[in-house]
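Since the structure comes first, as C-alpha cells, the remarks are kept for the end.
Since every read-out is calculated from the coordinates, none of them should be taken as a lab result. Please read these numbers as outputs of a predicted model, since none were measured by experiment. Here the Cβ positions follow ideal geometry from the backbone for every residue, glycine too, while neighbour counts run over all protein chains shown.
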Amino acid sequence: MVEILEKLLLLQERDQRLQTFFHEINAVPGEKSFLEKELAGAQHKLESDKTRAKEIEVERKRLEVEADAKRGQIAKYRTQQLETRKNEEYTALKHEIERAEQDIVAIEDRELELMQETEDLKPAITAAEAKFNAEKNRVAALMKTADDKVGVLQGRADELKVEREAIAAEVKAGDEDLFDLYEKLFLTKAGRAIVPLEGNHCSGCHMTVTPATLRDAKLGTTVVSCEQCGRIVYVLPEYQL
C-alpha cells in the first residue's frame with residue numbers, strides 16, 4: 001500500500017473519531033433540554049394543583065359572602081313581612097324569601113362540592129410535590145452527568161485533534177492536492193473519503209470499478225479513485241497481489 005494512503009487512512013480514522021465525539025457533544029444540549037421539559041412537566045402538575053386549591057379557597061370565601069348576603073336579605077324580607085298589612089306584599093316577600101333560601105341551598109351544595117374537591121386535592125398535591133422533588137434530584141444528577149460527559153469528550157477530542165493535525169501535516173507535505181481531495185471527500189461523502197474494495201465493487205457507492213482501477217488498487221503503488229463516486233479506494237492487504 002502506498003505510504004501516503006496509509007497516512008490518509010490514519011487521518012480518516014482520527015477524523016471519524018472526532019466526528020463521533022463532536023456528534024455526542026452536540027447532542028448533549030438536546031438531552032438537557034429534554035430533561036428540563038420533563039422537570040417542567042412535573043412542576044406544572046404541582047403548580048396546577050396548588051393553583052386549583054387557591055381558586056377553590058377564593059370561590060368558597062365568595063360563596064360564604066354570597067350566602068351571608070342572602071341570609072341578610074331573608075332577615076330583611078321577614079322584617080318587611082311583619083310591617084306590611086297588604087296580602088300581595090306579604091306574598092311577594094314570601095316568594096323572595098323562598099327564592100333566597102333556594103339560593104342558599106344551592107350555594108351550600110356548591111360549598112360541599114368544593115370541600116370534597118379540596119380533600120381530593122390534598123393527596124394529589126402531596127404526590128405532585130414528591131414527584132417534583134424526585135424529578136428535580138434526578139434531573140440535577142443527569143445534568144451533572146451530561147456536563148461531565150461533555151468535559152471528558154472535549155478532552156479526548158482536544159487530544160485527538162493534536163494527533164490529527166500532526167498526521168495532516170505529514171500528508172500535506174507529501175501531496176497537498178491529495179490532502180485537499182481527501183478533505184473535500186470527507187465532508188461530502190459522510191466521513192468516508194477512503195473505502196476498501198469489496199471484490200470489484202466500491203464499498204462506498206457499491207458500483208463496479210473498472211478492471212484498470214481494480215488492478216492498480218491491487219498493486220498498491222498508486223492512489224486510485226472510484227470512477228463513479230470519486231472516493232479513494234484500496235484493496236485490503238490480504239487481497240493485494
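Would you work out if the chain is rounded, prolate or oblate? Take a ≥ b ≥ c from the square roots of the eigenvalues of the alpha-carbon gyration tensor; rounded if a/c is under 1.5, else prolate when a/b is larger than b/c, oblate otherwise.
Details: a/c = 6.65, a/b = 4.35, b/c = 1.53.
The shape class here is prolate.
With each label point set 7 Å from Cα along the Cα-Cβ vector, what nm distance links Asp120 and Gln154?
Distance between the two pseudo-spin positions: 5.0 nm.
Only four residue types carry charge here, +1 at the Cβ of Lys and Arg and -1 at the Cβ of Asp and Glu. Report the dipole size of segment 18-173 about the Cα centre in Debye, rounded to the nearest 20.
On the way: 28 positive and 35 negative charges, 43 e Å.
Dipole of segment 18-173, to the nearest 20 debye: 200 debye.
For segment 23-70, just say rounded, prolate or oblate: build the C-alpha gyration tensor, square-root its eigenvalues into a ≥ b ≥ c, call rounded for a/c under 1.5, and beyond that prolate if a/b exceeds b/c, oblate if not.
Prolate, because a/c is 1.5 or more and a/b exceeds b/c.
Among DSSP bridges having both ends in the chain, what percentage is antiparallel? Round to the nearest 5.
Here the share of antiparallel DSSP bridges comes out near 60 percent.
Past the 23 Å Cα-Cα mark, which pairs from Lys37/Lys122; Lys61/Lys122; Lys45/Lys136; Lys32/Lys122; Lys161/Lys189? Before the final figure, lay out the partial values.
On the way: Lys37/Lys122 25 Å; Lys61/Lys122 19 Å; Lys45/Lys136 14 Å; Lys32/Lys122 32 Å; Lys161/Lys189 21 Å.
Table pairs above 23 Å Cα-Cα are Lys37/Lys122; Lys32/Lys122.
Could you give the length gained on full extension between Thr145 and Asp175, defined as 0.36 nm per residue of separation minus the Cα-Cα distance, in nm? Let's see the in-between values first.
Numbers: separation 30, 0.36 × 30 = 10.80 nm, distance 4.33 nm.
Gain on extension, Thr145 to Asp175, equals 6.5 nm.
In whole Å, what is the distance between the alpha-carbon centres of segment 20-77 and segment 156-219?
59 Å
Report, to the nearest 10°, how far helix 87-174 tilts away from the longest principal axis of the Cα atoms in the chain, using its own Cα long axis and a range of 0 to 90°.
10 degrees
So what's the angle, to the nearest 10 degrees on a 0 to 90 scale, between helix 176-188 and the longest Cα principal axis of the chain?
The angle comes out at about 30 degrees.
I want to make sure I understand the PRE zone here: with the label point 7 angstrom from the Cα of Arg215 toward its beta carbon, which residues in segment 1-19 have backbone N atoms less than 19 Å away?
1-2, by backbone N distance to the label point.
As an exercise, identify the GluC sites (Glu not before Pro) in segment 133-241 lying in DSSP coil whose Cβ has no more than 12 other Cβ atoms within 10 Å. Don't skip to the end; give the middle numbers.
Working: sites: Glu135, Glu159, Glu163, Glu165, Glu170, Glu176, Glu183, Glu198, Glu227, Glu238; in loops: Glu227.
Sites meeting the loop and neighbour criteria: none at all.
Ranking Tyr90, Tyr182 by Cβ neighbours within 10 Å, fewest first, what do you get?
Tyr90, Tyr182
Counting other beta carbons within 10 Å of each residue's own, what order do Arg156, Arg231 fall into, fewest first?
Starting with the residue having the fewest Cβ neighbours, the order is Arg156, Arg231.
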